[in-house]
Structures are given as structure tokens and as C-alpha cells.
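So the structure is just underneath, and the comments pick up after that.
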Amino acid sequence: MTAPRTLLDDQKPLAARWLRLSVGLGLGNGVLLILQAWLLAQVIDALVFTNAALADVTGWLWPLLALFALRALLAWASEQNAFRAAAQVKISLRDRLYRHIQAAGPAWMAGQRSGAIAEDLTRGIEAVEAYYSRYLPAMSLTALIPLTILIVVLPLDWLSALIMLVTAPLIPIFMILIGSGVERLNQQLWKDLARMGAHFLDVIQGMTTLKLFNASRREAEVIARISEDYRASTMRVLRVAFLTSAVLELFSTLGIAIIAVFIGFRLYQLELPIPELIAPPEISFVTGFFILLLAPEFYAPLRNLGTHYHGRMEAIAAAERLVAVMETELPAPPKQVASLSADSPLQIRFEGVSFSYEPGRPALAGAQFEINPGERIALVGPSGAGKTTVASLLLGFIRPEAGRISVDGEDLNALAIDDWRRRLAWLPQQPRLFQGTIADNIRLGLPDATLDEVRQAAERAQATEFIERLPLGYDSPVGERGSGLSGGQIQRVALARAFLRDARLVILDEATASLDPASEALVQRAVDQLAEGRSMLIIAHRLSTVRNADRILVIDDGRIVEAGTHAELIERDGPYRRMVRLLEPGGAHA
Amino acid sequence: MPELIRLWHLFRPYRGWMLGGFAVALITLLANVTLMAISAWFITAMAVAGAAGVAMNYFTPAAIIRGSAIARTAGRYFERLITHEATLRQLAGLRVWFYRHLEPLAPARLMAYHSADLLTRIRADIDALDNLYVRVLVPVLVAITAGLAFFVFTALFDLGLALLLLGMLLIAGVLLPWWGHRLGKQPGRRIVEIQAELRQAGIDGTQGLSELLIYGAADSHARHMDALSRALVAEQARMSQLTGIAQAATGLTANLTLWGMLWFGIPLVHDGSLAPPQLAMLALFSLATFEAVAPLPMAFQQLESTLTAARRLFAIVDTEPAVPEPTGPTPQPRDHGLSIEGLRFRYPSPVAGSGSGGSDSPDPGMSLGSSSSSGMHSDTKPPAILDGIDLELPPGRRVAIVGATGSGKTTLFNLLLRFWAPEAGSIRLGGEPLEHFPGEDLRRRIALVSQHTHLFDTSIRENLLIAAPEAPQGLLEQACATAQIHDFIAELPEGYDTWVGETGVRLSGGQARRIAIARALLRDAPILLLDEPTEGLDAVTERALMDAVQRLMTGRTVLLITHKPVALAQMDEILVLDQGRVIERGTHAELLKAPIYPRLLGLDLDA
């Protein structure tokens, strides 16, 4: 797995321009700061030693005022650019992440927690912001600003410069020493935090179950304990982290104090507590005061490093999740793309197709069958026999591991997938409606369809009656599971989608399994209409729904074990008849 | 602002910690300002004395510099420790407080919330409250106290300069934060809204990925996400602009104060009412004082989001449970028979989407955004889910309920478990009204097996122990054997310690269901509610499981929801429910001749 850090660094080029600007502006601000300190020292000097009147120093004061304004402007601009640097990265990362998820497809999504993925797409991406807008600019400035100050101070007073030069490197060295330990603790803390979140989600989703077993109030104690543990482990990390910054602070304070004392002693003509060999340079008040003003600025970026380190940690933890998603292997694109002609009849053959989700547990093991143009095929069998796998293969969500699926003689793998899917309609047990209006949802596959076309599709899907009864009609908003609509109504909206698409092959995946008789009848009528002149694959749980199929395929253990019409199969003493018997002991009806 | 007062009351138990944090923060700030001021005075005074060749006591100021440097370093360390300790303690307490208010609401009142939304509340919203203490409360108190001290100190030298300092501190500490809060409100709210839309689009775009791909809408959804992402960044840019302006303005105000000190101080020095080292000191002192107000603009800019988080928490905490707990003594039922009379019920709008009738748990997917559905339900009263049900269920009798989705079957179970209260009619348990039983006491007598049982993210053993915390291993295995799952568990490398749930081994629907049945067996309750216990299983497993369920039913009062003829044939009575009414009742054999019943079972299609 790629290190999360690499993912973050790979995005740098996107931010580079803004980062450079931000650092440049920050550095400019630093230079102006030095100028400001110099002007200020001049004013105080004039004040102390020449007993200057206001008029004598206005020559210093006015430029000082201009400097203040300019610095405020630079500070603001630097902040803007730092934000922009992160903004570019966030926009690009989010788009890439989501498109990667799309490319990985529903088969991969099935093994994921969609809540966690949604979290990655929102908060996970936001968490990388601090890395670009705070940490990276701060790192550059930490090197640049103290260096600039040092260059200015060195020719003025080498003793102060020496003190700075000696104390400054101690700060990052010490930080790295302690930092590595903190980093380990911190990673542990992030894991604790993730575990706490997962536990809370688990409790929330299972609260009804807990309640049924009278365990929900016991759970309050568990939550108290977990929160308390989290507090204790956070404080363990923080105690070390704060100690680090305290030591940093001590170093920088000591540095400033030594510089101040040495300047003060020399101004007062006192002996300095340093070896005789070194003759301390003379110093004037104006230089001394100037250096004193610069000393805190010299240490400030180093001291701030600790704060930005936290942003880096957070970004890396988030990047770890993003890397995990972005490293999912994508199915390779077909080597040569074949295409079907527009009026291709769609003769589909499964030729010894095998597939397994986990090694050693085949979901399909050499399935062999065909769907002829215009034929109505029903696929029945026990759960786990491979029915849904057949649908997933046809829809192009997964690819055969052995054998091949051909469409009018072409290998399905080699077909342009979008062109192939354009010929399909799919109706699952729980079709998904999207945030938007009913019309938007019907238009899903054909965004440019006119309202008239939408209406016609709804009409054929037996959906006009209830849609037009809604106060807002086709403009009625619906939510993720079609809030406000019943299961049968949702099915019919989804069917209207299929009608609007005018697909050649319709795949029904237990589409009517959870409907009441009235809705089922309506949906069934719409499905019958849809089937006219089209091929249809019906995956069924309830045997009652498959009786008028042209052909019934019985699937078991990943193989087609029986095929024929209902009448033929019920005559034979095969798996089909056994299934019917098992489920419907009112034997007279079978 | 009422939120602030409520939060203040919630923070009451931690007041000692908060006061401590405030005191240390104040000391640290004062030490820092002292350090800057004395250093400036010291150097200038030394230079003046050195030039004039007069003696001065440099030990005292040097000692003060050392002392305040140490006080600042130590103070910063303890300030951080104490404020964080206080915050984390508060957060831990608040989480439990929130959970205790959340728990009575499940499942009835939580149906309208997405589980991700509740998770956000218990995690992120509670975490957001720490902002209030660390970034708002302590800094504001420190700024007020220190600001007054700074004013008095400067006034010792010159009242005019003191007033100048106070005015500038007020600009940076009051005017700028107020301005930031006012202008930050709108983008702050938009950011929260767009983030919610983005999360929704993320869930739509992952859970609905199949549809998007098949209907060729994947690319346009990706573009929709990208547009939201850009809109979010645009609002954040506005916010960042405010932050930038506030920060620059605070720095500018501090610098202007320094400048003003010099401008007005120099004449004072010139006419001798102020010594030069004193002005040098006051100049740097005034610059340093702005450390007290510097964090305020940011804090108030974000105050709105903190208060929004608080409002979201209070919204849950203030919700009344759907069913009040009785206050009287726990009744003693004479037996475990149930008797239902004239039972009527409807879900309150807008939660009552007709699509929700079939779900017995607060379906995590049922985020009926109140805004989106209100347009459709505003003037119609939601339909009755149960419309006058009568049912006599003496101890040991077995009754099945058959009906289409939305006919009210699962709702009846929810009423029996007292997750909801009936609108009219009564339910009695052993002659005592159901509403006289405390919830936990009632549920001790009932075991439920449904299609949606949650397996927790822990070991199989822990999942079983939820039902009977004290049960020995032998009992667990016996229950699992009855539920037809023991052999499967025994074959797993880690047996009963195998981790299940989201991060553990993925169990098939059937396997999870059988563990849930074992859990219900361990419960050993006299009343058994079964909600399509074999739905979605293949024929062979179903057969075996039905046998297990039959054994489980012996000697118990049973209500079974199913449409499986095998199971129905063995029940004492069957009720056919349609739109909240019993339309047919009798035994399996009798009902086969009725008009609706065979249709519901799919047995009529030959005809």
C-alpha cells in the first residue's frame, strides 16, 4: 500500500502555484517586519537619547504606518493563497475519489460500508486541507524567516547571531526526538477514535435490538467507559505533546532572555559571563533594541511548528483511508473495443461461465445457457445458487473468471460497456430513487427527455394515476428510498425509467418479491407490456411469478441443472418439482 | 443565546476545572505581557544608565524577567493540560447524557433520522461543543479580566494612553468578533447545508451506483458531486476571506496601538511627564496585550456552527418518547395470554410514508427528509395502519398473521412491544393493561425474531450473550444447535469467538438470521413474536429452520407473521390483514377456500 504521505505529496503540483505565492507573501511579510523593527528602534533611540519632539520623529512614524497597512494586506493575501492551494487539491481529490469508486463498481461497493464511504467523500477530503493550507507553508517559512533574520543580525552583532544559531537547531532536533514518540501515540489515538465512532454507529443501528433484550441501558455504562478510556488515552498523548511544546517554549524564551541580558549588560558596560578569549562586540542602543525586537520573531515560526504538526497528523490519518479506497484495483479496460450495430438482436450465450467472490467458494461454476431474442427466461433456485451473479455478469459489474459471455457472437468483455448498458433495463427488488423530483428520476437514463415523453413512459408503467394525484405531480420531490411512495409505486417509477430507455433486454431481479397483491398486479401488468418485443430475464424467488415464462432455468450450486417450461418441469421428478413441493404443500395447486 | 445558557448549566459539574483553566490562562497571559514590557524597559533603562554613567539596580528587573519567563512556560503547559482535561471530561459526560436521552426514543422517534445523522450528533456535534469552552468561554473571560488590568496599569502612567489602549482593545476584542460573527453566519450555515447535500449525494451515488451505471447517469452524478464540491469550496473561500481579514485587522489594530502610544507618548516624554524607558515599555506592552483578544474574532466566527451543533443535540434531547413510562407499581399478570380489543393506530405524519409500514426497526435508510416529504403530506391525514383489530390469544395458543406489505402486521408487533402507543383500543397482558408495564418489564416477557436483527460488531459469543449475560457455553451451543447454526460455528477456525458484524466475517442473511433465532431461544420468554423468520432463506434451510421454530413454539404464546404455507398449516388460527383490518380468519384448511388468502400466498395462479 502506498504511504498516505505519498498521496498527499502527489497532490502538491496542483497546489504548487498558490503555495509558492503564499510562501512568497509570508516571506515578504517577514522582510517588512524586519524593516518595521528597524524603524521602531530608530524612534525609541531618538526619543531616549536626543529627547526628540514629535516633529523630529514623524519621518520614521509615517513610513511605519504605511508598513503596518502593507503587512496587513500581505497577511491577508498569504492566507487567501494558502486556502486556494488546499481548495484546488480538495476539489480534484474528491472528484477523483468518487470517479474511482464508480469505476470500482457495485461489486466492490457491496463489500463496503456506504456510510464510511460517504464520510470519506465529505469529511475525509476536508481533513487534508490543513496539510496544504497550514503545514506546508509553515514548513517553508520556518526555514526562511529565521534565516533572513539571522542574515540581518549577523553583520550588526555577531554575538546575538551566535546565540540564535546555537539555540535554534536545538528546537527542531528536540522536536523530532519527542515527535516520533508522539506520532506513535497519536496514531494509536486515531485508531481509538475510529473504533469509538464505529462502536457508536453499531449501537445506534442496533438500538432496537438492544432494547428488545433490555440491554440498552446497560449500554450507557459502556459508552461512559469508552468515552472515559478515550479521555485517558488522549490525555496520555497530550501530556507528552504539551511537554514538547513547553520545552520548545523554554528554549525560545531562554534564547530571547540570553540575547536581552547580553545586550543589556553590554549597554551598561558590564562584564559578560563568557570566556575571556571572546571579545564581545560593542553595541549601540539602536542596534540592541532592534535585535531585541527581532528575537521573538526569530523563534516564533519554530515555536508554531508544533501546532501545524497536528494538522499534518490529521491529514495523514485521513489520507490513509483515501489511499485504501484509491488503491482498489479497477477492472482493466477491454483491449479492443467491439461494438454492436444499433439493431443487433441480442442473442446472449453463457458458455461455461464461472465466477467466485471468494477463492474456493464459486458462485457460478460453468453456467451454460442462452437467451434468444424476444425470449422470456426465468431463473429460479435456492438462495446462494448464483442467480444474482448471473445478473451482475450481464450488467457488467463483474467479469467471468472462466468461460465467456457472448452477445451476437461478440465477447461481452470486449464490448464498449456504456453502449452495452444502453440496451439494458434493470429492475431490482428495491430500486433506488435519487434526491430530486419524480420526473428527474424517470429521466435518469435520458436527461433530455421532454415532459411528454416522461408522461408516456409513466403511462406505460401504470404510474400516471398515482403521480398525477400528487399535489406537485411530476415535480414531487422524492428521497433516497422514495419517501412518501409505496414499494409498488417506487417499482413503477423505476419501470418508467426502463420504458423511457427503450432497452432490448430487461432484467428483473426479484422485482415483485415484496409487494402486496394489488401493487404486484399493477407492476406485473407493466412488466408484461415491457416484455413485448424484448428479451427478458426474470430472477425469481416466488415460483408463482415464473409460470408464464417461455423457459425456466433452474440453477443450483452455480450450474444450470434443469431447463424447460413450467408444464415440462413439473412433470419431471427433478429439482424444480421438489422445490415446488417443499414450498407449497397445498400440493393440489402444484 | 438560550442555547448558551443551557450549555452553561450542562457544564456545571465541571465548573471547578473551568475556573482552574481560566486562572492558569490568565496567569500565563500576564506573565507574557510582563516579560515583554519589562524587557523593553530594562534594555532602555540600562542604555540610559550606561550612557549617563549612573548606577541602577538591574537585579530586580532581571529576576522579574526570569520569573515571568518561567511562569509563562509552565503556565502554558498547565493551561493546556487543564483546559483539555476539562474539555474531555465534559465531552465524555455529554455523550452519556445524550445517549441516555436518545435511548428512550428508539425506535419510534428515531425513524425519521438517518443513522449517519445520529452518529454525527453523538460524535461530531458533541465534539464541536469543546469549541465553546476552549475557544470561547475561557478566552472571553481572560480577555475581560486582563483587559481591565491592562487599562488600570496604563492609567498609572497616563490616563489618555490608557483610554487609547482600551479603545483599541475593544475594537479588536468586540467590534471585530461581532463583525466576524455577523458576516460568518450566512456562509457558515451554507457550509453546513452543502456538506449535508454532499453527504446525501455521496450516499445516493454509492448505494445507487448500479442504477447510475446502467442508466448511463454515472458521469452526470459525478459532475453533480463536483459542482457541490466546488460550491462548498466557494463558501469556504468566503469564510476564509473573513478569517483573513479578521486576522489582518487584529494585527493592524495592535500595530496601530503601538503607533498611537508613540504618537501621543512622545510629547509626554518631551515635556518630562513620562520617562523614556517608560514609553519604550508601554509601547511594547501595548503590543503584547493584544494576545488577549487575538483569538476572539475566530472564536466568534465559528460560534454559529457550535450553536448549531448544540441546537441539533437539544432537538433530540427535547423529543418526548413515543410511549411514556408508567409511574405506578409493576402489575402482576395472571398468565401470559394477550387480549387485543379495537386496536387502532396511525403513524404521525410526516414519518408515515406508506412505504415504511413493512419495517419493524427504525430503518436506517428511512431518512424522510422532513422538507422533501412535507409537500406531499401537508394536508392529508396519514392513513390508519391498524383500524380496529380484535384478537384473543390465550397462553400457549399460536396465531399467524398474513397480509400484504403495509397491511399493519409489523405495526401490531411494535404496539405489543410498546415501541408505540395505540391511538384507540386496548392490549392486555394476563388481564393487565399493557401501558401499566414498564418497558423493560414487558420486554422481559417477549422474544422477537425478525428479518432485521442487528448483529453487533463483536464476537458471536458476545452477540448471543446480549440475550442472557450469564448463560454458560453449554446453553449457547444448545440454542445454536436448535437454530441449525451450531455446526457452522463449530467449523469456523475461531468457533464462538469469531468476529461478526461490519468488520468481522461476513455472514449470509440466513446465517445471521439463525444466530438471531439462537439469541431469541436463549431469551426463553413466554411470549414469542416471529416476523417472517425464514424470509429470504433457501428451501432446504427454511425447512430445517421451521422445524427449529416449531420446537421453540411449544408451550409458548405465539404470534407469527409469514406467508409460508408450511408454517401456516400448523397454526391454531390465521388472521388475514388488509389495510389495518382483519378481513378473513380461520385455520389454513378453512382459509384455502376464502377469496383473498390463497391469492396472498400465491397459490391461486393456476386457476
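Laboratory data are not the source of any read-out in this text; all were calculated from the coordinates shown. Only a predicted model underlies this, so the values are computations on that prediction, with no experimental measurement involved. So basically every Cβ, Gly included, is an ideal-geometry build from the backbone, and we count neighbours across all protein chains shown.
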Crossing angle, helix A:451-460 versus chain A [Cα axis fit, 0-90 degrees, rounded to tens] = 40 degrees
Furthest towards positive pole of dipole, A:Phe68, A:Ser233, A:Ala82, structure part chain A, Cβ charges = A:Ser233
Would you mind giving the mean number of other chain beta-carbons within 10 Å of the Cβ of each residue in B:228-239, as a whole number?
-> 4
What is segment B:2-317 by shape, rounded, prolate or oblate, if you read a ≥ b ≥ c off the alpha carbon gyration tensor as root eigenvalues and call it rounded for a/c under 1.5, prolate for a/b larger than b/c, and oblate otherwise?
-> prolate
Of A:Lys191, A:Lys90, how do they rank once you tally other Cβ atoms within 10 Å and put the fewest first?
-> A:Lys191, A:Lys90
If you rank A:Glu221, A:Glu459 by fewest surrounding Cβ atoms within 10 Å, what's the result?
-> A:Glu221, A:Glu459
Note, segment B:211-218: 3J(HN,Hα) by Karplus (6.51, -1.76, 1.60, θ = phi - 60°), whole Hz, Gly/Pro = x, goes 4, 4, 5, 5, 8, x, 9, 4
Just how large is the dipole of the protein assembly as shown about the Cα centre, in debye to the nearest 20, putting +1 at every Lys and Arg Cβ and -1 at every Asp and Glu Cβ?
-> 1440 debye
Length gained, B:Arg311-B:Asp497, 0.36 nm per residue minus C-alpha separation, equals 62.8 nm
Would you mind computing, in nm to one decimal, how far apart the modelled labels at A:Asp408 and A:Thr565 are, each placed 7 Å from Cα along Cα→Cβ?
-> 2.9 nm
Shielding by partners for A:261-271, please: the mean number of other protein chain Cβ atoms within 10 Å of each residue's Cβ.
-> 6
Where nothing but the Cβ of Lys and Arg (+1) and of Asp and Glu (-1) is charged, how large is the charge dipole of chain B around its Cα centre, in debye to the nearest 20?
-> 1660 debye
Points 7 angstrom from Cα along the Cβ direction at B:Asp524 and A:Ala3: gap in nanometres?
-> 5.8 nm
Using a Förster distance of 41 Å, how high is the FRET efficiency between B:Val54 and B:Trp263, based on the Cβ-Cβ distance and rounded to 0.05?
-> 0.90
Pop a pseudo-label 7 angstrom from the Cα along the beta-carbon direction at both A:Glu221 and A:Arg547 and give the gap in nm to one decimal.
-> 5.8 nm
Whole-Å distance linking the alpha carbon centroid of segment A:133-208 with that of segment B:236-265 is 27 Å
The set of residues whose placed amide H lies less than 5 Å from the amide H of A:Val561, leaving out same-chain residues fewer than 5 positions away, is A:Val554, A:Ile555, A:Asp556
Exercise: per-residue mean of other protein chain Cβ atoms within 10 Å, A:84-90 | 3
Quick one: which of A:Lys90/A:Lys335; A:Lys387/B:Lys564; A:Lys12/A:Lys335 span more than 24 angstrom between C-alpha atoms?
-> A:Lys90/A:Lys335; A:Lys12/A:Lys335
Ranked on Cβ counts within 10 Å of their own Cβ, fewest leading, B:Thr587, A:Thr6, B:Thr410 go A:Thr6, B:Thr587, B:Thr410
Please say if chain A is rounded, prolate or oblate, where rounded means a/c under 1.5 for a ≥ b ≥ c the square roots of the C-alpha gyration tensor eigenvalues, and otherwise the choice is prolate for a/b larger than b/c and oblate otherwise?
-> prolate
Compute the relative contact order of chain A as a whole-number percentage, counting only Cα pairs closer than 8 Å that sit 6 or more residues apart in sequence.
-> 14 percent
HN-Hα couplings for segment A:395-401 via Karplus (6.51, -1.76, 1.60; θ = phi - 60°), in whole Hz with x for Gly/Pro, come out as 7, x, 7, 9, 10, x, 7
Summing -39500 (n - 2.57) over every DSSP H run of at least 4 in the protein assembly as shown, dividing by its residue total and rounding to the nearest 500, the 222 nm mean residue ellipticity is -19500 deg cm²/dmol
FRET efficiency, 1/(1 + (r/R0)^6) with R0 51 Å, evaluated for B:Glu470 and B:Lys593 via beta carbons | 0.55
Per-residue HN-Hα couplings for segment A:370-378, Karplus 6.51 cos²θ - 1.76 cosθ + 1.60 at θ = phi - 60°, whole Hz, x for Gly and Pro?
-> 9, 10, 7, x, x, 8, 10, 10, 10
The FRET efficiency for A:Asp502 and A:Ser341, from their Cβ-Cβ distance with R0 = 22 Å and rounded to 0.05, is 0.85
Report, in degrees rounded to the nearest 10, the 0 to 90 angle that the Cα long axis of helix B:539-553 makes with the longest principal axis of chain B.
-> 90 degrees
